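The values are calculated or read from the model by the stated rules, or taken from the named source; none is laboratory data. Just so it is clear, the model here is predicted, and its values are computed rather than measured. Note that we place each Cβ from the backbone using ideal geometry, even for glycine, and neighbour counts take in every protein chain shown. Heavy atoms of the whole protein, side chains included, go into the accessibility calculation; ligands, DNA and RNA do not. Shrake-Rupley method; radii C 1.70, N 1.55, O 1.52, S 1.80 Å.
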Amino acid sequence: MGASLRALRALVLLAGFYLLGFVLLAVLAAADWATVTWLHGGVAAKVLIVSAVLAVPIVRGMFMLRTPKGDPLHGVPVTEQQEPLLWRTVRDIADQVGTRAPDEILLIDEVNAAVSEEARLLGLLSGTRRLYLGLPLMTGLDEMQLRAVLAHEMGHYANLDTRLTPLIARGRAQLIRTIGHFHERADTKVANERARQEKAAEKRLAKGKQAKEVDTAGQGAMYRAMAKIYTGYAHFYMRATLSGSRRQELAADMAAVRVAGRDSAASALRELNALGPAHGFYMDSYATLGVGAGLLPRSGQVFGGFRQLLDARAQELEGLRRELSTEPTSPYDSHPALAQGVARNEAQTQKGRAPPDTPPALERHATPDAALAALEQAVLTPEALALTRLDWADLVHESMTAYVGRGAQEVREAIAAEGASPEPAALLDAIDADPALRWRIADRFPKSEEAAAATGRAAREFTRPVLRSALSRLVTAELTARGAARWQLSWSDSAELRFATEDFEDQLELALDALVADLPDTEPLRKLVLVRCSA
C-alpha cells in the first residue's frame, strides 16, 4: 500500500471516530426529542439529564484535539563535530535509501534504534527528524549489521511512516480518552451510590435496626455501555493501524537488504534476538549488582561492561541467534514475528558481503568511552550517580560481602534469641555445652508444611540442611571479614567465593558436616576459622 493510500486510510479511521461520536449524539438527541414529545414531568427531566451527562464524554473526546506526547527518550545528542564518521554514515545511507537524513542523532541506553519526526498539520508537512541509536546496540552489532539497522530506520522516513504517526496517534489518544471518561463516570457513580448506602446502613445500625447489604449492581451501566461501543471501535482501529505497522516494518527491512545486503540484514535481526535478553540480564546481574550496597561500576562501565559479557557468553548467544520465535503474530502486535522478518530477508537475492572479522560498531565511534560516560549522566537518576564507584572486581566482592552479611544477620538474630552469642568462638563453646542449641536455632527459620508436621528423627533430618545453610552463611560472612575468602567476578558464570588455599573449601565442607552431625564436633571448624584464618 502506497503512502497516499495509507494516509487516506488513517484519515478515514480518524473520521470514523468523529462519525461514531456524531451518530451517538444524534441518537441521544432523538431520545430527547421523543421524551419531550411523549413524556412529561419528572420522567422526562430524568431522561434529559441522563442524555446530557452521556453527551459530555462524547463531546470531550471529540474536541480535545491536542495529542498527548509520550515520555521523551533520554539520551545524549551528538553533533557532526563530535562524531563525523557516524554522521557521514547516516547521511550516506539516507542518500542510498532516497530520503532526507535526520536533523539530530541521540545516543540512548537501549538495544534499539528508532526514528521520529515532528510532522505538522496531521503529517502533511515535514518537521524535525531525530534518530535514536542505542549504545548497547552498537556494542553488539558489527559495522555491516549496524548499516542494515540504519537503513531500516531510514526506510521508515522514505516510506513516510513517521509522517503518518501523529495522525494515527491522535485517533488512538482520542479513543482512549473517551473510553476513560465513560469508565471514570461509571466508577464515580458506583462510589457515590456505595457511600450513600453505607451511610444509610450506619444510620439503621445506630437505631438498632438490621442494615441492608450494599448493592451497587446496575450503577453506571449506561456509561459502561457507551464505553463498550467505543471499545469495539478501538479494537477495530488498533487492528487496522497495527497491521499497517507490521507491513511498514517489512517494507523497511527491504531498505536494509538493498543497502547492507541480504546476509547482513538477516544477521542483524538474529543479533537483536540475542542482544535484547543479554542486555536485560547484564543490567540486572552486573551493572546494578551493587546498587543495594550503594555501589556502581566505574564511570562509563554501567553500559560499557556489556561488551565483556557478550565476549564471555558467545556460545549462549549463538543459541539465541538460531532460536527465533515461530509464534503467530497477534493482531495487536506492531512488529511482525522475528522469524518472519529473518526468513523474508534471507529469501532476497542481494547477498551482500561483510568484511571478515568486523569489529563491534561501537569501536568505530570517535570517543566511545566518553559517550558511555555521558550516557550515564543523561539517563541515571541523581541518586544513582551519587553511589560509590568501584572497578568490577571490587564491586562484585564488596556487593556480595554486603548481601551475605545481611543474610548472616538473620542467623545472628536467631542465635541471640536463644540466649547465645553469635561470635564464632562463643557460639562453638555454647554448642559444646548444649548440642540441642543447634536445633532450637534452626527451629527459628521458616519450615515447609511437611517439615513442620514431622517429629523425632524425621524432623531432625528436615532441620539439618536448614541448620547447615544458616551456619554456612555465618561462616562465609566471618571468612570474608577476616580476608580469608574473596568473591571473584565471572563474566561467564555467577560470582564465585574463592578461598586462601585450594583445599580450604573441602575442609570447610567437612567441618560444617561435623558441626551438624547428631554428635557435633566443633573442633574442625574451630581450627579452620578461628586458628588458621587468624594465622
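Can you figure out the FRET efficiency of Arg91 with Ala378, using R₀ = 35 Å and their beta-carbon distance, to the nearest 0.05?
0.90
So if R0 is 51 Å, what FRET efficiency would Glu118 and Gln315 give, r being the distance between their Cβ atoms, rounded to the nearest 0.05? Before the final figure, lay out each step's value.
Values: r = 44 Å, r/R0 = 0.87.
Step by step, r from the Cβ atoms, then E = 0.70.
May I ask you to order 369-376, 148-155 by the average number of other C-beta atoms within 10 Å around their residues, highest value first?
148-155, 369-376
Among 173-179, 512-518, what's the highest-first ranking by average C-beta atoms within 10 angstrom per residue?
On the way: 173-179: 19.9, 512-518: 16.0.
Those peptides, ordered most packed to least, come out 173-179, 512-518.
Using θ = phi - 60° and the Karplus form 6.51 cos²θ - 1.76 cosθ + 1.60, what ³J(HN,Hα) does each residue of region 16-26 get, whole Hz, x for Gly and Pro?
x, 4, 5, 4, 4, x, 5, 4, 5, 5, 5
Once the Cα atoms of helix 368-379 and of the chain are each reduced to a long axis, what angle between those two axes, in degrees from 0 to 90 to the nearest 10, is obtained?
The two axes meet at around 70 degrees.
Applying the Karplus parametrisation 6.51 cos²θ - 1.76 cosθ + 1.60 with θ = phi - 60° to the phi angles of region 228-233, what ³J(HN,Hα) value in whole Hz is obtained for each residue in order, glycine and proline being reported as x?
Result, ordered by residue: 5, 4, 5, 5, x, 5 Hz.
Can you tell me the length gained on complete extension of the stretch Asp284 to Gln507, counting 0.36 nm per residue apart and subtracting the Cα distance? Before the final figure, lay out each step's value.
Details: separation 223, 0.36 × 223 = 80.28 nm, distance 3.36 nm.
Stretched out fully, the Asp284 to Gln507 stretch lengthens by 76.9 nm.
Across the chain, how many lysine pairs, 8 or more apart or on two chains, come within less than 24 Å at their alpha-carbon atoms?
Lysine pairs meeting both conditions in the chain amount to 10.
Using the heavy atoms of the protein chains alone and a 1.4 angstrom probe, what is the accessible area of the chain per residue in square angstrom? Present the calculation step by step, with values, prior to reporting the outcome.
Working: 27790 Å² over 535 residues.
Computed with neighbouring chains in place, this is 52 Å² per residue.
Given a 1.4 Å probe and heavy atoms of the protein chains only, how would you sort Arg224, Arg322, largest accessible area at the top? Intermediate values should be presented prior to the final figure.
Details: Arg224 85, Arg322 150 Å².
The ordering from most to least exposed comes out as Arg322, Arg224.
Would you grab the residues whose amide H sits under 5 Å from the one on Asp142? Only those 5+ places off in sequence or on another chain, please, with H modelled 1.01 Å from N.
Amide H neighbours of Asp142: Ala361.
When only Cα pairs under 8 Å and 6 or more residues apart are kept, what is the percent relative contact order across the chain? Intermediate results must be reported in sequence, preceding the final value.
Details: 680 pairs, mean separation 73.8, N = 535.
Computed value for the chain: 14 percent relative contact order.
In whole percent, what relative contact order does region 89-193 give with Cα contacts below 8 Å and a gap of six or more residues? Please report the intermediate quantities before stating the final value.
Numbers: 129 pairs, mean separation 30.1, N = 105.
That works out to 29 percent.
Taking square-rooted eigenvalues a ≥ b ≥ c of the alpha carbon gyration tensor, is region 455-535 rounded, prolate or oblate, where a/c under 1.5 means rounded and, failing that, a/b exceeding b/c means prolate?
Numbers: a/c = 2.66, a/b = 1.49, b/c = 1.79.
The shape class here is oblate.
Compute the angle between helix 262-282 and the longest alpha-carbon principal axis of the chain, please, reported from 0 to 90 degrees and rounded to the nearest 10.
50
Could you check the spin-label model distance between Val291 and Lys527? Points 7 Å from the Cα along Cα→Cβ, value in nm.
So the two model labels end up 4.7 nm from each other.
Roughly how tilted is helix 456-482, in degrees to the nearest 10 and between 0 and 90, from the longest Cα axis of the chain?
The two axes meet at around 90 degrees.
Please say if region 164-268 is rounded, prolate or oblate, where rounded means a/c under 1.5 for a ≥ b ≥ c the square roots of the C-alpha gyration tensor eigenvalues, and otherwise the choice is prolate for a/b larger than b/c and oblate otherwise?
Values: a/c = 5.62, a/b = 3.74, b/c = 1.50.
Taking the square roots of the gyration eigenvalues as a ≥ b ≥ c, region 164-268 is prolate.
Using only helices, what value at 222 nm comes out for the chain when you add -39,500 (n - 2.57) per DSSP H run of length 4 or more and divide by the total residues, to the nearest 500 deg cm²/dmol? Don't jump to the answer; show the numbers that get you there.
Working: 20 runs with 333 residues, N = 535.
One gets -21000 deg cm²/dmol as the mean residue ellipticity at 222 nm.
Residues of region 393-427 with backbone nitrogen within less than 16 Å of a virtual label 7 Å along the Cα-to-Cβ line of Arg482, please, listed as ranges.
Of the residues in region 393-427, 422-427 have backbone N under 16 Å from the label point off Arg482.
FRET efficiency for Arg298 and Phe63, Cβ-Cβ distance as r, R0 = 45 Å, nearest 0.05?
Numbers: r = 54 Å, r/R0 = 1.20.
Taking R0 as 45 Å, the efficiency between Arg298 and Phe63 is 0.25.
Which distance in nm do the two modelled labels at Arg498 and Arg204 give, with both placed 7 Å along the Cα-to-Cβ direction?
With each label placed 7 Å out from Cα toward Cβ, I get 7.5 nm.
For the chain, what does the alpha-carbon gyration tensor say about shape, rounded, prolate or oblate, given a ≥ b ≥ c as the root eigenvalues, a/c under 1.5 as rounded, and a/b over b/c as prolate? Mind dumping the intermediate values first?
Values: a/c = 2.92, a/b = 1.31, b/c = 2.23.
Taking the square roots of the gyration eigenvalues as a ≥ b ≥ c, the chain is oblate.
Can you list the HN-Hα couplings for region 52-59, worked out from phi with the Karplus curve (6.51, -1.76, 1.60; θ = phi - 60°), rounded to whole Hz and with x for Gly and Pro?
5, 6, 6, 6, 4, x, 5, 5
Rank by packing, highest mean first: peptides 263-272, 46-55, with packing defined as the count of other Cβ atoms within 10 Å averaged across residues.
Numbers: 263-272: 25.0, 46-55: 14.9.
Put in order of decreasing packing, that is 263-272, 46-55.
Sketch the reach of a paramagnetic label on Ala402 as a point 7 Å from Cα along Cα-to-Cβ, and name the residues of region 367-394 whose backbone nitrogen lies under 11 Å away.
387-390
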